[in-house]
Every structure is written in structure tokens, then in C-alpha cells.
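The values are calculated or read from the model by the stated rules, or taken from the named source; none is laboratory data. Bear in mind the structure is a predicted one, so any value in this text is a computation, not a measurement. Note that we place each Cβ from the backbone using ideal geometry, even for glycine, and neighbour counts take in every protein chain shown. Surface areas here come from the heavy atoms of the whole protein model, side chains and all, with no ligands, DNA or RNA. Shrake-Rupley method; radii C 1.70, N 1.55, O 1.52, S 1.80 Å.
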Amino acid sequence: MKVVSSDIVISAVRPAQYPETDLPEFALAGRSNVGKSSFINKMLNRKGLARISSKPGKTQTLNFYLINEILHFVDVPGYGYAKVSKSERAAWGKMIETYITSREQLRAVVLIVDLRHPPTQDDVMMYDFLKHYDIPCIVIATKADKIPRGKWQKYLKVTKETLDLDENDQIVLFSSETGEGKDKAWSILQSFM
Ligand SMILES: Nc1nc2c(ncn2[C@@H]2O[C@H](COP(=O)(O)OP(=O)(O)OP(=O)(O)O)[C@@H](O)[C@H]2O)c(=O)[nH]1
Ligand SMILES: [Mg+2]
């Protein structure tokens with residue numbers, strides 16, 4: 001897809017703040033610091049639209065981005081960040097669960113994992129959570145630029161096996177540095193619209 005416009009619409013913490021539209025929507029889920037915001041920027045050809053940080057926990061709200069006036073990306077706070085209190089973690093869980101289970105135009109969740117490491121227990125839990133609610137899931141294995149090309153398939157296999165990936169779910173090798181996988185990711189997203 002050729003992105004001609006993209007903008008942040010709102011940072012929301014509760015359903016009353018979600019944009020009142022029925023545009024198709026894709027939410028980004030993944031471990032804190034895995035590269036969700038970088039994925040959004042790469043997909044939109046925007047350098048600083050979604051805030052990126054080398055420190056985990058940058059994204060704290062549900063950030064809605066409007067693209068070409070026809071769809072939304074929703075940047076979601078990451079999970080698995082150790083320096084988070086129990087009550088913050090519970091609030092996060094509630095916010096994500098409310099969003100995922102109530103947002104009717106949510107077409108699929110884009111689950112971002114780090115290609116370099118086997119998915120964590122939290123990643124597996126998130127994947128199983130989506131399966132439980134019957135939410136379509138697209139897995140993006142990012143930071144591929146950090147692995148030599150010749151080893152990509154080997155690492156991808158570990159990712160699939162650790163998630164116990166359903167054969168109907170698609171997985172894309174991605175890099176926000178090089179743009180690897182960007183066209184494939186867009187064509188999969190479009191197939192859900
Ligand atoms: N080499 C490389 N670095 C990446 C890639 N994607 C993200 N990064 C780096 O990883 C760090 C975290 O990226 P973010 O996009 O902020 O991660 P996030 O998942 O949005 O993090 P939170 O908002 O804290 O949950 C930054 O230093 C990015 O530059 C990638 O594909 N390749
Ligand atoms: Mg972020």
C-alpha cells in the first residue's frame with residue numbers, strides 16, 4: 001500500500017476515548033522495547049511519528065494512527081517490562097483486554113517478536129490469549145537485520161515452534177532498519193481489510 005497520509009488521532013486509555021469510526025483497525029502487540037513503534041514508523045515511511053526509545057516502556061497509552069483516511073494502527077504499550085508494579089501490570093492487562101475484546105473493527109493483531117531470541121513466555125501467553133478470543137494474528141519477527149541472512153530460516157523455525165504457530169497464521173521476517181518484509185506485511189494487512 002502506498003501511504004500518502006498518516007497522523008496520530010488520539011492517545012486513549014478507555015473505550016470512551018477510542019475514535020468513533022468503523023474503519024478497519026490493526027493493533028500492535030509485543031514485548032516492551034521489541035520494536036512496535038519502529039514497525040509503525042517503517043510501515044508509514046515516517047521517522048518520528050510513533051515515539052521510539054531505547055528505554056522500555058515508552059508507549060503507555062493506546063495510540064491510534066489514521067492512515068490514508070481508511071484504516072487505523074493502534075500502538076499498544078508493551079508487556080514483560082520488569083520494572084513495572086503489580087498494579088500497573090494489572091491496569092495494563094485490563095486496558096488491553098477491554099480493547100481487544102470490545103473493538104469490533106479490530107481486523108487482526110500484529111504480534112511483534114524479536115527474531116534473534118525464541119519468543120518469551122509472555123509472547124506465548126499473548127499468542128494464546130489471541131487464539132482464545134479468536135482474534136486473527138499476524139506474527140512479525142523483527143530485527144532481522146541483526147541476524148545474517150543465511151540464518152533467517154533457522155531462527156524463523158524456532159519462532160514458529162516456540163509459539164506453536166497455527167498453520168493458518170502468517171509470519172513475516174521484518175526489519176525496521178532495512179525495510180525487509182514491509183511489502184509482504186502490507187499485503188497481508190490488506191488481505192484483512
Ligand atoms: N536493529 C534494529 N533495531 C530496531 C528494530 N526495531 C526497533 N529497533 C530498536 O529497538 C528499540 C525499541 O524500539 P521501539 O520501536 O521503541 O519499541 P517498542 O516495542 O515500541 O517499545 P515500547 O513502546 O517501550 O513497548 C529502539 O532502540 C529501536 O531503534 C529493527 O528492526 N532493527
Ligand atoms: Mg512503543
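Would a scan of segment 125-132 turn up a residue that is over 16 Å from the mean Cα position of the chain (by Cα) and either among the polar types (S, T, N, Q) or open to solvent by less than 80 Å² (accessible area, probe 1.4 Å) (or both)? No: zero hits.
May I ask you to verify whether Ser54 is surrounded by fewer than 20 Cβ atoms within 10 Å (Cβ to Cβ), outside any loop (DSSP other than H, G, I, E, B) and not hydrophobic (A, V, I, L, M, F, W, C)? It is false that Ser54 is surrounded by fewer than 20 Cβ atoms within 10 Å (Cβ to Cβ), outside any loop (DSSP other than H, G, I, E, B) and not hydrophobic (A, V, I, L, M, F, W, C). Residue under question is Ile67, and the condition is that it be within 12 Å of ligand 1 (Cβ to nearest atom), open to solvent by less than 60 Å² (accessible area, probe 1.4 Å) and either touching a residue at least 12 places away in the same chain (Cβ under 8 Å) or over 21 Å from Phe129 (Cβ atoms) (or both); does it hold? Against the criterion (within 12 Å of ligand 1 (Cβ to nearest atom), open to solvent by less than 60 Å² (accessible area, probe 1.4 Å) and either touching a residue at least 12 places away in the same chain (Cβ under 8 Å) or over 21 Å from Phe129 (Cβ atoms) (or both)), Ile67 does not qualify.
For segment 99-124, name all the residues that are open to solvent by 40 Å² or more (accessible area, probe 1.4 Å) and β-branched (Val, Ile, Thr). Once the filter is applied, which keeps residues that are open to solvent by 40 Å² or more (accessible area, probe 1.4 Å) and β-branched (Val, Ile, Thr), segment 99-124 yields Thr101, Thr120.
Take the conditions modelled with pLDDT of 95 or more, open to solvent by 10 Å² or more (accessible area, probe 1.4 Å) and part of a loop (DSSP other than H, G, I, E, B) and apply them to Leu49. Does it pass? The answer is no for Leu49.
Here Gln105 does not fit the description of being over 25 Å from Leu173 (Cβ atoms), within 13 Å of ligand 1 (Cβ to nearest atom) and not hydrophobic (A, V, I, L, M, F, W, C). From the list Val34, Val4, Val9, the lone residue that is within 16 Å of ligand 2 (Cβ to nearest atom), outside any helix (DSSP H, G or I), among the hydrophobic types (A, V, I, L, M, F, W, C) and touching a residue at least 12 places away in the same chain (Cβ under 8 Å) is Val34.
If you take the residues of segment 148-170 that are open to solvent by less than 20 Å² (accessible area, probe 1.4 Å) and of a type in the set (A, V, I, L, M), which of them is nearest to the chain's Cα centre (by Cα)?
Looking at residues that are open to solvent by less than 20 Å² (accessible area, probe 1.4 Å) and of a type in the set (A, V, I, L, M), I get Leu163.
Residue count for segment 29-58, restricted to those that are farther than 26 Å from Lys83 by Cβ and within 8 Å of ligand 1 (Cβ to nearest atom): 1. Taken together, the residues in segment 18-28 that are open to solvent by 10 Å² or more (accessible area, probe 1.4 Å) and either touching a residue at least 12 places away in the same chain (Cβ under 8 Å) or near ligand 1 (Cβ under 7 Å from one of its atoms) (or both) amount to 6. Of the residues screened, Thr159 is not one that is in contact with a Leu (Cβ under 7 Å, 6 or more places away or on another chain), within 14 Å of ligand 1 (Cβ to nearest atom) and under 26 Å from Gln190 (Cα atoms). Residues in segment 164-193 that are among the aliphatic types (A, V, I, L, M) and either free of Cβ contacts under 8 Å to residues at least 40 places away in the same chain or in contact with an Asp or Glu (Cβ under 7 Å, 6 or more places away or on another chain) (or both): Leu165, Ile171, Val172, Leu173. Pairs are defined by a Cβ separation below 6 Å, a sequence spacing of at least 6 or placement on different chains, a first member in segment 137-151 that is free of Cβ contacts under 8 Å to residues at least 40 places away in the same chain and over 15 Å from Val110 (Cα atoms), and a second member that is more than 7 Å from ligand 1 (Cβ to nearest atom) and part of a strand (DSSP E or B); the pairs so defined are Ala144/Leu173.
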